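Asker: This structure is in structure tokens; I'll ask about it shortly.
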Amino acid sequence: MGRVIKERELKKSRITVIGEGLTERWYFEHLRTVMGYRYDCKPRFFSHQSYDEMRKLIEWVLQNDGIAVCVCDADITRTNVVENQRLEEMKKKYAEKENVIICDSMPSIEFWFLLHYLETSRHFRDSAEVASVLRRWLPAFQKNGTFLEKPQWVSNLCADGKMELAQSRAEILSQKAQNESYSNIYKAIKLFTERKKGSDTKFINNNTNSSLL
């Protein structure tokens, strides 16, 4: 009974996306519009912040009875032992919490974008190297406001079943013990999709009930 009540509470909780910078902010801003997802995506939750700063934002969301989706790049953990430890501690701390989803990507969120077009787990040195391959399909891709603020690039990522392909590829990679590159953003997409389906079902049921009156 307690678990049922907890699941009901989670379904009512607002989702807040926390990210590292401009790319994450615009991606999730456009994704919400393109896919009709429901979550908060406020500019103040997207800045060049450390893992410790992210943890503070996660705690703020939890204190307000929300669900925190934390999106971060993991490339720094390859060369910085301290940051690697902080990321692992953050993942361990929230591993059993259903209202926190850590969506790290190695080396960066651009690898998640690439999975929409290409099935690969090859080693990428950094986000720039991933972006150079991504431009085979998104030639104009740049990590600046002029490009990112236009929604068309996210629309392209979501079109023709590419989102579903990316989810499948990312989930398969997550099940393998060691991978040069990976992305856990598929976990957030699953949550958004489930929440949207729940809202759509509720809307349909309300309309059906109204038509019977």
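The values are calculated or read from the model by the stated rules, or taken from the named source; none is laboratory data. Please read these numbers as outputs of a predicted model, since none were measured by experiment. Ideal geometry is used to build each Cβ from the backbone, glycine not excepted, and the neighbour counts take in all protein chains shown.
Asker: Do we have LEU31 as in contact with a Phe, Trp or Tyr (Cβ under 7 Å, 6 or more places away or on another chain) and more than 23 Å from LYS196 (Cα to Cα) here?
Answerer: Working: in contact with a Phe, Trp or Tyr (Cβ under 7 Å, 6 or more places away or on another chain): yes; more than 23 Å from LYS196 (Cα to Cα): no.
So LEU31 does not fit the description; no.
Here's the yes/no breakdown for (1) modelled with pLDDT of 95 or more; (2) over 17 Å from TRP26 (Cβ atoms); (3) in contact with a helix residue (DSSP H, G or I) (Cβ under 9 Å, 6 or more places away or on another chain):
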site: THR79; (1), (2), (3): no, yes, no
site: LEU115; (1), (2), (3): yes, yes, yes
site: GLU119; (1), (2), (3): yes, yes, yes
site: PRO139; (1), (2), (3): yes, yes, no
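Asker: What's the number of the condition ASN84 fails, among (1) surrounded by 13 or more Cβ atoms within 10 Å (Cβ to Cβ); (2) among the polar types (S, T, N, Q); (3) at pLDDT 95 or above?
Answerer: Unmet for ASN84, out of (1) surrounded by 13 or more Cβ atoms within 10 Å (Cβ to Cβ); (2) among the polar types (S, T, N, Q); (3) at pLDDT 95 or above: (3).
Asker: Report yes if ALA128 is under 24 Å from CYS70 (Cβ atoms), at pLDDT 95 or above and over 16 Å from the mean Cα position of the chain (by Cα), otherwise no. Before the answer, list the steps.
Answerer: On the way: under 24 Å from CYS70 (Cβ atoms): yes; at pLDDT 95 or above: yes; over 16 Å from the mean Cα position of the chain (by Cα): yes.
So ALA128 fits the description; yes.
Asker: Between a first residue in segment 73-96 that is under 16 Å from TYR182 (Cα atoms) and a second residue that is among the aromatic types (Phe, Trp, Tyr) and buried (at least 17 other Cβ atoms within 10 Å of the Cβ), which pairs have beta carbons less than 8 Å apart while being 6 or more apart in sequence or on different chains?
Answerer: Filtered contacts from segment 73-96: LEU87/TYR51.
Asker: Having 3 or more residues that are over 27 Å from PRO151 (Cα atoms) is the bar; report the helices (runs of 4 or more DSSP H) wholly within segment 17-117 that clear it. Quick ask: steps written out before the conclusion?
Answerer: Details: elements: 22-35, 51-63, 81-93, 109-114.
Where helices (runs of 4 or more DSSP H) fall fully within segment 17-117 and carry at least 3 residues being over 27 Å from PRO151 (Cα atoms), they are 51-63, 81-93.
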